[in-house]
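The values are calculated or read from the model by the stated rules, or taken from the named source; none is laboratory data. As the structure is a prediction and not an experimental result, all values here were calculated from the model. All Cβ positions, glycine included, derive from the backbone under ideal geometry; neighbour counts span all protein chains shown. Note: accessible area is taken over every heavy atom of the protein model, side chains too, but ligands, DNA and RNA are not part of it. Shrake-Rupley method; radii C 1.70, N 1.55, O 1.52, S 1.80 Å.
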Amino acid sequence: MVQEQQNEKDIREIALSMGAVHFGVAAMEGLRDRLIGLTPAAVNGLDRAVSMAFRLSSRVMEDVVDGPTRLYFMHYGRVNQLLDEVALRVSAAIQAKGHDALPIPASQIIDWEAQRAHLSHKHVALAAGIGWIGRNNLLISPLYGSRIRLVTVLTDMPLAAGRPLERDCGECRGCLDVCPAGAIRERQEDFDHVACYKQLDTFRRQRNIGQHICGICVKACRGNSQ
């Protein structure tokens, strides 16, 4: 237990020093069925997932009115790059201590038809207790709402796993009212992935941004810090 605590302290300090606002650990049990596109040799024995979050700029989000802006597009990309750098630094520190680490890119689609990455960062963050999945189908931080981006590092380093928060969106329906695709419903499990993706693709073409992003429901979900 003492070693687990020291391990967590060491890598948490690296993540927070690089700008992460949330850090948590999830057990891979229950998450392995969400892994795709990775060989068994790459993931065998990695029974912990380190989840880290970076906060999006509030002022950049305020610039989003009826869809993604060029500013949001650039900010989104730079935050993903920073998260990948954090994951690399954490992975290097884990390996320096004699353990294995596998950084999962912050934003890399492996299955375009299903819109899936190697692993769902939001489900790792959910299991780690960083937040819950809201009506907008995004990870919701109690402090920052949806205005965060996530990254994950898989490892065999001994680390104590967190537990999911027993929270949900409650009476808040801010994202439901503003979704241009009508994809957000009363129940999170009824979220319309197809309608959302079609809207993202429309924004990508109409606004010439080269990325499937929107930002409208992200802006609407502010969290307690706003």
(message) Keeping all protein chains in the complex and leaving out DNA, RNA and ligands, what accessible area do you get for Glu85 with a 1.4 Å probe, in Å² to the nearest 10?
(response) 70 Å²
(message) Keeping all protein chains in the complex and leaving out DNA, RNA and ligands, what accessible area do you get for Ile94 with a 1.4 Å probe, in Å² to the nearest 10?
(response) 0 Å²
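Share of the range 79-203's accessible area from carbon and sulfur, percent, 1.4 Å?
Working: 2960 of 5910 Å².
On the range 79-203, the fraction of accessible area on carbon and sulfur atoms equals 50 percent.
Which FRET efficiency value, to the nearest 0.05, is calculated for Thr202 and Glu4 with the Förster distance at 45 angstrom and r the Cβ-Cβ distance?
Numbers: r = 47 Å, r/R0 = 1.05.
Once rounded, the FRET efficiency stands at 0.45.
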(message) I need the calculated FRET efficiency for the pair His193 and Cys172, taking r as the beta carbon distance and R₀ as 25 Å, to the nearest 0.05.
(response) 0.75
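Sort Glu166, Glu171, Glu8 by accessible area with a 1.4 Å probe, largest first. Could you put the intermediate results ahead of the total?
On the way: Glu166 185, Glu171 155, Glu8 45 Å².
So the residues, ranked largest to smallest area, are Glu166, Glu171, Glu8.
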(message) Going Cα to Cα from Lys9, which lysines come in below 27 Å? Please leave out same-chain ones fewer than 8 positions away.
(response) Lys97, Lys122
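If we count every other residue with Cβ under 14 angstrom of Gln115's Cβ, Lys/Arg +1 and Asp/Glu -1, where does the sum land?
Working: positive: Arg34, Arg116, Lys122, Lys198, Arg204; negative: Asp111, Glu113, Asp192, Asp201.
For residues surrounding Gln115, the net value is +1.
Where in the chain are the DSSP H helices whose C-alpha atoms run 27 Å or more along the long axis and whose mean Kyte hydropathy is at least 0.5?
Values: long enough: 70-96 (39 Å, 0.23).
Flagged H segments: there are none.
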(message) Just checking my list (1) 1.17; (2) 1.28; (3) 1.00 against Cα Rg over 2.2 N^0.38 Å computed from this structure; which label fits?
(response) (3)
